[in-house]
Structures are given as structure tokens and as C-alpha cells.
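What follows is one structure encoded as C-alpha cells, with my remarks underneath.
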Amino acid sequence: MTDYRRLRVALLGAGAVGSQVAALLLKHGDELADRAGAALDLVGISVRDLDAPRDVDLPRELLTTDPEPLLVGSDIVIELMGGIEPARTSILQAIGAGADIVTANKALLATHGPELFEAADQVGASIYYEAAAAGAIPIIRPLRDSLAGDRVQRIMGIVNGTTNYILDRMDREGSDFADVLADAQALGYAEADPTADVEGYDAAQKAAILASLAFHTAVPLNAVHREGITQIDADMMDAARKAGYVIKLLAVCERLSDTEVSPSGETISVRVYPALVPRDHPLASVHGANNAVFVQAEAAGDLMFYGAGAGGVQTASAVLGDVVSAARRHIAGGVGVGESTRANLPVVPIGHVTTRYQITLEVEDRPGVLAAVAGLLSDGRVSIATLEQTIVTGDDVHTARLVIGTHTAREQDLSDTVGTLSASGVVTRVVSVLRVEGD
């Protein structure tokens, strides 16, 4: 092997991703050195439990429960512990010692990203996080570098494999949510406590990261509107299918024009919710636990990034790509390149968004109901585009289910109108309200 300069690499965490990163660093060290222009010496792996079972066998002499020497004595620190603490404190300590950081920690970046990037800027270090938004899919570099000269208008992403697996099976098999969730847990796609996935928290963290990059604006996690998929049932899937849609949990990051909020008119919306996607849209064909990010840029047009959104060895690929980039920076010298957040665009609440909707209502099957519903929608500035009525008869009760597709409407108007419908006495029950995205 060429006599390269040697860089000290420390690893924090040896779970599903961390153990694969360590194994690949050790196995392909010579090849990675050729690509990086520096030998990458894995000097230690910080773990909570030396004897915990791991996916791969790692040299015992590399394992330690004391991360301190690794944090202050390494050129590159790979953080794969997850969570906020002690990851935040460890990263700040490593940055203070002059190390570059590679992380896949979406929760940390979504909540403390500006603090970490500022700390890195102060010492001329860099933070790399390709694996934090979509697993193995390369999306961070395209947004940060390749599209830096363009104006990203919109991002729609399927960025959580668990929810995509669940919704995909519900759509294709007609299965119930609870049954598919149990299967996902048995297969290891979902955690024993699936809240972070099915309630949209994981996707919201990723949406904050993607929007910050795309719009050069620091997007706090609490500015991301979030809804999960637990209310999606077989009837909603069936109604979507009949209307030519599939239901996907989407992260939507969008540039808007809103002079109510910004004198320049430029604002952004960042939101996560289950949405109806036309079956001929590229995102509709993303099956199983795969992820995809659909980017619309002013000059480049439509771009799609597709692949594995999770998995130990798959995510390790993205992590190691960042390690090589960090090593090249060390060899080239100079200060790290900070994040661009100077646009500082305001993030508007969900009520400012304009889109189309599918509203499902249960009403009494009697004369005048349709006219009353149509009148209430019109009064609320919501226009009907399509309407399907199904009569349900049982136990001497005659009810109708209305599936109403709307023209474009403002979210606040739609929300107010649905509230009026619910309280009107005309509507027995508001079954669901789904947005339509991608048409």
C-alpha cells in the first residue's frame, strides 16, 4: 500500500449501523485509503456494554466504555449512538478538539443542528451527515452541493421505511394497519415501540434537515407540521384506490409565496402527513421499506433519488462516503465548509398551505343532505371537484358515505369548513381528510 498520511478515526456506537461501519473500515481499509488519500486507522469503538451481542465480530481490543480518549485524540469521529445525549456533548467535545464529525443522528441534527454547525465553524471543522436523512440514498450532497446554484422549489419524500412498508401492504393486500404493524415488528422493520415511525416523528426530523438544506434556512423541528398514519384504515385505502391514488406518508418541503407573512413574499412550508399520491407519480411505485426523495428545482427540473432508507450495511455505505470526504478535507487542508442558512426564510404554519383534498363524510340518507353539504363547502370557499356516494343500510338506519374530492383550497379554509360540517347536524361523522400531493 502507498505510504499515506495516517488519520485517526474513532467510532461512537456499535449497533446495527456502527458495527457494519467498523467491519467495513477494517475489511476495506486499503481500498478506502486509496480513495481518501489517507490511511484510516480505526483507533477505538466506544460502546455501553463490551459484551453486548453484535451483528459482526469486532476486535475486542478496539472496544471501550470510556470515549474520552477517542474524543480528544482523533481526526475524525463517527457518531452512531443516536439520541440527544450523550451524543450532543460528545460531538461538541470532539469538535472542540479539532475533529471532523460524521453522524447519522437525525434527531440531534433536527433539534441542535445550528448549535453544532456553529461550534464546527468556530474551529474550522466540518460535520458530515449523508446518512441522517434517507439512509443509503445520496440526497444531502445533491442538495448542499449539486443544487447550490439552483432554486429548489419543492421536495416530496418517502423518508421512513417502516411506514412505507405498512401502507404499501395495506394498499396491495387490503390488510389492516394493526396486522401489518405486527408483521413489520416481527421482521425488524418496526421497533417494539413504533411511535417514532407511525406517528411521523422520524419523518419530521428528516424533513427539517432536508428543508434546511434545500432552502438555506435553519428550520426548527417545532416548525414542522406532523401527522402519523395510525388513523389510516382499509376503507380509506379502498377509497384512495378507486379515485386513482395511493396513500403515502410524505415529508413535503415547499417554497411558497405569502405576502401576509413576508414582505418579499418568500416563505417555506415543512410538513409530514399521509397524503394521496396519483398512481402514475414516481413516488407511488416506491414499495416495501424503500425510501425516495422527489426534488423539483427551478432549472434542473424534476429529480428522483431512490433506494434503501435504512439497514445496517446500507446506511454504513453513506457513513463511509462521509468518512472518505472528511479524510480528503484533512489532506487538502483549510477550514471546513459551513452550512448555508443565510436565506432565513420564514416557515409558515400548515394553515397557509394550498392543496387539494379528499374528504370522507358519513351523512343520513335523506333528501337535501347533498345540497346542504355542498352549500357549507361553498360557504367555506371549498369547491367540489368529484363526489362518490355509497349507501350503507343496516339495523333500520340508512346512511350514506360521501367521498368528496376538492379543487385547490387553502388549508385554513378547509379546516374551518370541516369543523362547520362536523357541527352542522347534517354530517354524522367526518371519517377522514387527506391531502392530495404530486398531481
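The values are calculated or read from the model by the stated rules, or taken from the named source; none is laboratory data. Values in this document were obtained by computation on a predicted structure and should not be read as measured data. Don't worry about glycine lacking a Cβ; one is built from the backbone with ideal geometry, like all the others, and counts go over all protein chains shown. In case anyone asks, the SASA skips ligands and DNA or RNA and just uses the protein heavy atoms, side chains included. Shrake-Rupley method; radii C 1.70, N 1.55, O 1.52, S 1.80 Å.
Return the Rg/Rh value of the chain, two decimal places, where both radii are evaluated on C-alpha atoms and Rh is the Kirkwood radius.
On the way: Rg = 24.5 Å, Rh = 23.5 Å.
Rg/Rh for the chain comes to 1.04.
Dimensions of region 108-241 along the principal axes, based on C-alpha atoms and rounded to the nearest Å, stand at 53, 31, 26, largest first.
Given R0 = 56 Å, the distance between the Cβ atoms of Gln231 and Val72 translates into a calculated FRET efficiency of 0.70. In the calculated pair distance distribution of region 193-300, what percentage of Cα-Cα distances lie above 22 Å? When every Cα pair of region 193-300 is considered, 39 percent fall beyond 22 Å. Across region 39-119, counting alpha-carbon atoms alone, Rg and Dmax equal 13.0, 37 Å. Axis angle, to the nearest 10 degrees, between helix 201-215 and the longest C-alpha principal axis of the chain: 80 degrees. Against the longest alpha carbon principal axis of the chain, how many degrees, from 0 to 90 and to the nearest 10, is the axis of helix 369-379 turned? Tilt of helix 369-379: around 60 degrees.
With the simple model of a label 7 Å out from the Cα in the direction of the Cβ, Ala332 to Asp3 spans 2.6 nm.
If you look at the Cα atoms of region 2-160, you get an Rg and a Dmax of 16.1, 50 Å. Distances between every pair of Cα atoms in region 357-439, grouped in 5 Å steps from 0 to the bin holding the largest one, split as 3, 15, 29, 27, 15, 7, 3, 1, 0 percent. Note on the chain: with charges restricted to the Cβ of Lys and Arg (+1) and Asp and Glu (-1), its dipole about the Cα centre is near 920 debye.
Taking all protein chains together and rolling a 1.4 Å probe, Tyr4 ends up with roughly 50 Å² accessible. Surface calculation, 1.4 Å probe, protein heavy atoms: Lys27 sits at approximately 150 Å² accessible. Once the Cβ-Cβ distance of Ala385 and Asp55 is raised to the sixth power relative to R0 = 60 Å, the FRET efficiency obtained is 0.75.
Divide by every residue of the chain the summed helix terms, -39500 (n - 2.57) for each DSSP H run of at least 4, and state the resulting mean residue ellipticity at 222 nm, rounded to the nearest 500 deg cm²/dmol. When only DSSP H runs of four or more count, the value is -10500 deg cm²/dmol.
Would you work out the charge dipole size for region 349-400 about its Cα centre, treating the Cβ of every Lys and Arg as +1 and the Cβ of every Asp and Glu as -1, and quote it to the nearest 20 debye?
400
Once all protein chains are placed together, Arg429 keeps about 110 Å² accessible to a 1.4 angstrom probe. Largest to smallest in accessible area, the residues Arg401, Arg5, Arg381 fall in the order Arg381, Arg5, Arg401 (1.4 Å probe, all protein chains included). Region 224-375: percent of C-alpha pairs farther apart than 21 Å? Pairs farther apart than 21 Å: 66 percent.
Can you give the Rg to Rh ratio of region 271-322, both from alpha-carbon atoms, with Rh computed by the Kirkwood formula?
Numbers: Rg = 13.5 Å, Rh = 13.1 Å.
Reported Rg/Rh, Kirkwood definition of Rh: 1.03.
Report, in debye and to the nearest 20, how large the dipole of region 29-95 comes out about its Cα centre when Lys and Arg carry +1 and Asp and Glu carry -1 on their Cβ. All intermediate terms of the calculation are to be shown ahead of the outcome.
Working: 5 positive and 14 negative charges, 48 e Å.
In debye, rounded to 20, region 29-95 gives about 220.
In the chain, the sites counted are GluC sites (Glu not before Pro) in DSSP loop states with at most 11 other Cβ atoms within 10 Å, and the longest stretch holding none of them, exclusive of the sites, is 1-259.
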